[in-house]
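The values are calculated or read from the model by the stated rules, or taken from the named source; none is laboratory data. Every value quoted in this text rests on a predicted model; they were computed, and no experiment measured them. Here the Cβ positions follow ideal geometry from the backbone for every residue, glycine too, while neighbour counts run over all protein chains shown.
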Amino acid sequence: MHNTVNNLLNIENDIKASLNKLNINNNPKVVAVSKTFKIDKILPLIEHGHLNFGENKVQEAVVKWTEPKKIYPKIKLHMIGILQTNKVKIAVQIFDYIHSVDTEKLAKKISEEQNKINKSIKIFLQVNIGDENQKSGINKKEIEHLGSYCKEIGLNVIGLMCIPPINRDPEIFFEKMNKLNKAMGYFELSMGMSSDFLIAIRYSATYLRIGSSIFGQRS
């Protein structure tokens with residue numbers, strides 16, 4: 001068995017064990033963050049039957065995934081990086097989920113472009129949960145307004161997403177996100193990465209964006 005598949009199985013087992021111990025009935029999906037890795041490194045996971053993959057650059061995703069998505073139509077591709085409005089047209093063609101919507105301008109562009117090709121992309125609204133100046137994401141005070149706007153223009157928002165501040169305990173931020181997500185009435189929650197996904201699942205994370213624990217360190 002290929003080591004990436006082994007790594008994924010270990011992660012899935014850790015998640016199951018942790019949820020059982022906590023008596024939480026939840027089945028979070030692992031988004032294998034394949035950015036910067038070549039398709040030959042990803043193929044064993046695809047052949048194993050894994051469906052959710054994450055990329056953070058539109059151009060790289062197009063080059064890498066156009067063919068595999070034709071061969072394996074059940075694959076779901078997640079845009080997890082910053083999406084510029086001038087890349088939206090191409091992004092909506094290749095991605096099934098966008099995790100990083102944080103402005104009305106971006107939401108409007110996605111809505112326009114997906115309507116042209118009759119596609120409904122699943123959207124997460126990115127929250128700047130640690131109020132960090134340098135980080136993208138919308139301020140939590142403005143999230144309700146953005147959520148309403150997205151609904152008005154027909155976007156399929158399924159939940160919120162965050163990247164907690166590094167070097168701080170992520171638990172407090174995951175707890176805030178869980179409350180916020182519930183208050184907004186969403187069912188999906190994108191949070192938790194290689195270093196903290198077992199904490200994220202305690203707070204109802206349903207999509208875990210895991211890269212290095214599956215693929216190893218990026219060069």
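Odds and ends about this structure:
- Qualifying residue in the range 158-171 (condition: in contact (Cβ under 8 Å) with a residue 24 or more places away in the chain and in a helix (DSSP H, G or I)): yes
- Test result for ASN156, surrounded by fewer than 20 Cβ atoms within 10 Å (Cβ to Cβ), at pLDDT 95 or above and in contact with a Ser or Thr (Cβ under 7 Å, 6 or more places away or on another chain): yes
- Exclusive hit being without any contact (Cβ under 8 Å) to a residue 40 or more places away in the chain and either touching a Cys at 6+ places or on another chain (Cβ under 8 Å) or under 13 Å from ILE80 (Cα atoms) (or both), set GLN134, GLN126: GLN126
- For beta carbons closer than 6 Å, sequence separation of 6+ or different chains, a first residue in the range 200-219 that is under 12 Å from ILE11 (Cβ atoms) and a second that is assigned to a helix (DSSP H, G or I) and basic (Lys, Arg), there are no qualifying pairs.
- Within the range 142-154, residues that are farther than 15 Å from VAL127 by Cα have Cβ atoms under 8 Å from residues that are of a type in the set (Asp, Glu) and in a helix (DSSP H, G or I) in these pairs: TYR149/GLU104, counting only partners at least 6 apart in sequence or on another chain.
- Residue in the range 62-76 that is closer than 28 Å to ALA183 by Cα, at pLDDT 95 or above and touching a helix residue (DSSP H, G or I) at 6+ places or on another chain (Cβ under 8 Å) present: no
- Restricting the range 172-194 to residues that are touching a strand residue (DSSP E or B) at 6+ places or on another chain (Cβ under 9 Å) and part of a loop (DSSP other than H, G, I, E, B), the residue that is surrounded by the most Cβ atoms within 10 Å (Cβ to Cβ): MET191
- Of all residues in the range 117-134, those that are of a type in the set (Lys, Arg) and surrounded by 16 or more Cβ atoms within 10 Å (Cβ to Cβ) total 1.
- Extreme residue, surrounded by the most Cβ atoms within 10 Å (Cβ to Cβ), among residues of the range 13-26 that are in contact (Cβ under 8 Å) with a residue 12 or more places away in the chain and closer than 21 Å to MET161 by Cα: ILE15
- Hey, GLY154 assigned to a strand (DSSP E or B) and not aromatic (Phe, Trp, Tyr) or not: no
- Residue pairs meeting the criteria (Cβ under 8 Å; at least 6 apart or on separate chains; first among the hydroxyl-bearing types (Ser, Thr, Tyr), in the range 67-84; second surrounded by fewer than 16 Cβ atoms within 10 Å (Cβ to Cβ) and assigned to a strand (DSSP E or B)): none
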